[in-house]
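> Take a look at this one; I'll ask things after.
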Amino acid sequence: MNKLYLLLILLISQSIYAQNDKAVTNEFIITGKVKTERTVTLSDLRHFPAISINDINTSCTPKKEERTKSVKAVLLKNVLDSVRFDYVEKRDLGHYYFLFVSADDYKIVFSFNE
């Protein structure tokens with residue numbers, strides 16, 4: 001009987017600490033100080049020029065390197081150039097920053113000039 005309780009407690013505790021499944025996203029939305037909000041889908045990204053990045057570390061930890069020989073990507077600058085921002089002078093874009101929020105709530109900030 002004690003083994004049954006122990007097994008039950010282990011199963012419940014494992015489900016509590018298990019990682020939540022997040023939905024896969026196929027688009028992102030550009031909002032804020034723009035003339036019109038824009039939703040960019042994966043099919044939209046195919047219309048932008050792709051670049052090839054060779055020999056890149058794809059690991060999330062510096063202790064373990066996972067090398068990929070080649071990755072194709074679209075420059076964020078090219079995507080942002082297709083958006084009409086709400087500014088008075090072109091130099092005002094230097095005061096803009098971008099907050100990127102992923103599906104798992106990871107956040108990163110970039111300025112327009114980066």
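> Examine the range 82-97 for a residue that is in a helix (DSSP H, G or I), among the hydrophobic types (A, V, I, L, M, F, W, C) and at pLDDT below 90, and state whether such a residue exists.
Yes: one or more hits.
> Moving to a separate point now. Is it fair to say VAL109 is touching a residue at least 12 places away in the same chain (Cβ under 8 Å) and surrounded by 11 or more Cβ atoms within 10 Å (Cβ to Cβ)?
Judged against the criteria, VAL109 is not a match.
> Looking for something of a type in the set (Val, Ile, Thr) and part of a loop (DSSP other than H, G, I, E, B) - is there at least one such residue anywhere in the range 50-69?
Yes, some residue in the range 50-69 is of a type in the set (Val, Ile, Thr) and part of a loop (DSSP other than H, G, I, E, B).
The values are calculated or read from the model by the stated rules, or taken from the named source; none is laboratory data. Please read these numbers as outputs of a predicted model, since none were measured by experiment. For neighbour counting, all protein chains shown are included, and Cβ atoms are generated from backbone atoms with ideal geometry for every residue, glycine included.
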